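Asks: Below you will find the structure I want to go over with you.
The values are calculated or read from the model by the stated rules, or taken from the named source; none is laboratory data. These figures come from a predicted structure and were not determined experimentally. Virtual Cβ from ideal backbone geometry, glycine too; neighbours counted across all protein chains shown.
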């Protein structure tokens, strides 16, 4: 079998193809959070650059995050689209790499841009239902049950993709738990009122 990306070989993720729904959920959550944060950083920097005041950049990051709200749809779509290049050519993302997950075609080859884009679009609609609050909880629950019952998601099944996981170990479990805790802290921080964040 030709491995198109030796840096992310099968040895890195093992041959475990069991569902492991929670590992995949947390990996996806990390990706969406990091992608949205990167967009916020870039967006805020571009807004602050004309003022030539670097301190104002960090002020806006900490106290004016609500300015991104009117463009929330763009941020959400970007959070998914930013995964496409990584999935297309490497079969993994930051979150998936942390949790030892890799997605490939049955022959072990990367997805390619078109298939990776179609997969992200399917996840955006089927699992997160356009990120509409409350409704997406239902679609996420349905996706979870599908993984538990069939051992794979509906989109990976439909596109004939293989999801492999790195074997667990005590150290890796500790790393994963630590990352999840940091994610929870970041999530709580991100929803705090700007006045409270600034006061702290």
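Asks: Tell me, which residue of the range 25-58 that is more than 9 Å from the chain's Cα centre (by Cα) and within 30 Å of residue 144 (Cα to Cα) is modelled with the lowest pLDDT?
Replies: Step by step, filter the range 25-58, then rank; the result is 40.
Asks: Same structure again: Yes or no: residue 62 at pLDDT below 90, in a helix (DSSP H, G or I) and surrounded by fewer than 18 Cβ atoms within 10 Å (Cβ to Cβ)?
Replies: Yes.
Asks: Right, next: Could you list all residues from the range 115-141 that are more than 16 Å from the chain's Cα centre (by Cα), farther than 16 Å from residue 32 by Cβ and in contact (Cβ under 8 Å) with a residue 12 or more places away in the chain?
Replies: Listed by number, the list holds a single entry, 115.
Asks: May I pose another question? What number goes with the only condition from (1) in contact with a strand residue (DSSP E or B) (Cβ under 6 Å, 6 or more places away or on another chain); (2) at pLDDT below 95 that residue 104 does not pass?
Replies: (2)
Asks: Shifting gears a bit: Just checking, how many residues over the range 154-174 are out of contact with any strand residue (DSSP E or B) (no Cβ under 9 Å at 6 or more places or on another chain), within 22 Å of residue 103 (Cα to Cα) and at pLDDT 85 or above?
Replies: 6
Asks: Restricting to the range 8-24, give me the number of residues that are surrounded by 17 or more Cβ atoms within 10 Å (Cβ to Cβ), at pLDDT below 60 and over 19 Å from residue 84 (Cα atoms).
Replies: 1
Asks: Check residue 131 against each of (1) farther than 19 Å from residue 96 by Cα; (2) modelled with pLDDT of 95 or more; (3) crowded, with 16+ Cβ neighbours inside 10 Å and name the one condition it does not meet.
Replies: Unmet condition: (2).
Asks: Only one of (1) more than 19 Å from residue 31 (Cβ to Cβ); (2) surrounded by fewer than 14 Cβ atoms within 10 Å (Cβ to Cβ); (3) in contact (Cβ under 8 Å) with a residue 40 or more places away in the chain is not met by residue 109, so which one is it?
Replies: Single failed check for residue 109: (2).
Asks: Here's another thing I want to ask about it. For the range 72-100, name all the residues that are touching a strand residue (DSSP E or B) at 6+ places or on another chain (Cβ under 6 Å) and either surrounded by fewer than 22 Cβ atoms within 10 Å (Cβ to Cβ) or over 22 Å from residue 38 (Cα atoms) (or both).
Replies: 100
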